[in-house]
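J.: Below: one structure in structure tokens.
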């Protein structure tokens, strides 16, 4: 009895089974089960094996997607039991056009390009892509354009021609780098003295192309991407300036408020007279010149039109230089301005207090005239008589009348 008690048990009792499940018997059983599954899988034909593997993969993927969906449902992320909304993208108003853009866009260099408007230069390229366009007489009554780009781009711009002093000074108000092919002696002397951001084709021909489809000097073309590279090479990497005063958003236009549907600007010679026709459905002004729609073409030959949101006439007296060929405008100062937007007109005053300062527009009481966001066309004219438009009073009764006005 003592011997049996010393062995830890009572005579006749069965020994207590061990609690560890990994006995040799259980391990062997698991191996046999695994072997049976393996034999079963190998016994399947090739297509059955592939189908089974695809099915298992799909089940796993659906499970993973379900887990992801739980933690990211409705654009939120669960952190310590708190749902934090994903922040919405942030935009700001473009300093050039007023349109909503990524904040980084306003740090880009403003690029200006001198574009010819003689009859040999038509149709031009890139004018419809510009954020702001200035038009003034260059010589002999022929107008020329200065197109500005910052929040827009163009893959084909031209024909690029020479610069005049007043274009360079308008450009400086936007701290722009100006692309051109040479220029008047007065302009080139000013550029050298003021050390402005200059992109003269004479000194950087590889960033421009002379096309064979047009005769010189109407055959120089470039693009914003090529000019971006030239600006980077010269260290022109950003533009600090104050743009036009803009409204935050463009409100929907009530057709009943539209009272000016067509505007015409008289330049010397009918080949340069411009007409802007308002579209209430698009809230834009379609440009025509020389009695026909002003068309543009891209590099592939595809045609387009010029349809700014805002059209501005600035009355700036023009004086011929002693050669009776080149013109001079007084850029710094003030004068009459006509602001056409939303199918209406506001007559006010433009002011530019310094060459590098902005152009502002104000009513007769001094309050600021703000422009709606969008592409803007600025026409420089000699006198009020060069601005013509018809005002049609909104109809309030069936017997309403039509009023015609011409700027004087």
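J.: Give 282, 287 a once-over and let me know the one that is part of a loop (DSSP other than H, G, I, E, B) and either without any contact (Cβ under 8 Å) to a residue 60 or more places away in the chain or under 17 Å from residue 379 (Cβ atoms) (or both).
T.: Of 282, 287, the one residue that is part of a loop (DSSP other than H, G, I, E, B) and either without any contact (Cβ under 8 Å) to a residue 60 or more places away in the chain or under 17 Å from residue 379 (Cβ atoms) (or both) is 282.
J.: Right, something else. Which condition number in (1) out of contact with any strand residue (DSSP E or B) (no Cβ under 7 Å at 6 or more places or on another chain); (2) crowded, with 21+ Cβ neighbours inside 10 Å is the one that residue 120 fails?
T.: Exception for residue 120: condition (2).
J.: Go through the residues of segment 228-237 one by one and say whether even a single one is assigned by TED's automatic domain parsing to the domain that holds residue 107, surrounded by fewer than 21 Cβ atoms within 10 Å (Cβ to Cβ) and under 17 Å from residue 115 (Cα atoms).
T.: There is no residue in segment 228-237 that is assigned by TED's automatic domain parsing to the domain that holds residue 107, surrounded by fewer than 21 Cβ atoms within 10 Å (Cβ to Cβ) and under 17 Å from residue 115 (Cα atoms).
J.: Please find, within segment 314-327, the residue that is surrounded by the most Cβ atoms within 10 Å (Cβ to Cβ) out of those that are modelled with pLDDT of 70 or more and part of a loop (DSSP other than H, G, I, E, B).
T.: Among them, the one singled out is 316.
J.: With 142, 115 as the choices, which residue is within 22 Å of residue 276 (Cα to Cα), free of Cβ contacts under 8 Å to residues at least 60 places away in the same chain and either surrounded by fewer than 18 Cβ atoms within 10 Å (Cβ to Cβ) or assigned by TED's automatic domain parsing to the domain that holds residue 186 (or both)? Full working, then the answer.
T.: Details: 142 fails: free of Cβ contacts under 8 Å to residues at least 60 places away in the same chain.
When all the criteria are applied, what remains is 115.
J.: Condition first: part of a strand (DSSP E or B), in contact with a helix residue (DSSP H, G or I) (Cβ under 8 Å, 6 or more places away or on another chain) and farther than 17 Å from residue 174 by Cβ. Now tell me which residues in segment 328-359 satisfy that.
T.: Within segment 328-359, 328, 336, 344 meet the criteria.
J.: On the given criteria, is residue 248 outside the structural domain of residue 381 (by TED's automatic domain parsing) and touching a strand residue (DSSP E or B) at 6+ places or on another chain (Cβ under 9 Å)?
T.: yes
J.: Here is a follow-up. Within segment 208-225, track down each residue that is surrounded by fewer than 18 Cβ atoms within 10 Å (Cβ to Cβ) and not in a loop (DSSP other than H, G, I, E, B).
T.: 209, 210, 225 - these are the residues of segment 208-225 that are surrounded by fewer than 18 Cβ atoms within 10 Å (Cβ to Cβ) and not in a loop (DSSP other than H, G, I, E, B).
J.: Looking at (1) surrounded by 15 or more Cβ atoms within 10 Å (Cβ to Cβ); (2) touching a residue at least 24 places away in the same chain (Cβ under 8 Å); (3) under 24 Å from the mean Cα position of the chain (by Cα), can you tell me which one residue 274 breaks?
T.: (3)
J.: Quickly run through segment 158-196 and pick out the residues that are surrounded by fewer than 23 Cβ atoms within 10 Å (Cβ to Cβ) and at positive phi.
T.: Scanning segment 158-196 gives 175, 182, 195.
J.: State whether one or more residues within segment 183-196 are touching a residue at least 60 places away in the same chain (Cβ under 8 Å) and farther than 25 Å from residue 314 by Cα.
T.: Within segment 183-196, not a single residue is touching a residue at least 60 places away in the same chain (Cβ under 8 Å) and farther than 25 Å from residue 314 by Cα.
J.: I've got another one for you. Quick one: what pairs do we get from segment 381-406, first residue modelled with pLDDT under 60, second surrounded by 15 or more Cβ atoms within 10 Å (Cβ to Cβ), C-beta under 6 Å, 6+ apart or different chains?
T.: Taking only residues 6 or more apart or on different chains, the pairs are 402/392; 404/390; 406/388.
J.: Listed residues 250, 168; which is modelled with pLDDT under 95 and either in a helix (DSSP H, G or I) or under 27 Å from residue 308 (Cα atoms) (or both)?
T.: 250
J.: Would you check which residues across segment 343-356 are in contact (Cβ under 8 Å) with a residue 60 or more places away in the chain and out of contact with any strand residue (DSSP E or B) (no Cβ under 9 Å at 6 or more places or on another chain) and list them? Talk me through it step by step, then tell me what you get.
T.: Just the residues of segment 343-356 that are in contact (Cβ under 8 Å) with a residue 60 or more places away in the chain, to begin with: 343-345, 347, 352, 355-356.
Scanning segment 343-356 gives 355, 356.
The values are calculated or read from the model by the stated rules, or taken from the named source; none is laboratory data. This is a predicted model, so every value here is computed, not measured. Cβ atoms come from the backbone with ideal geometry, glycine included; neighbour counts cover every protein chain shown.
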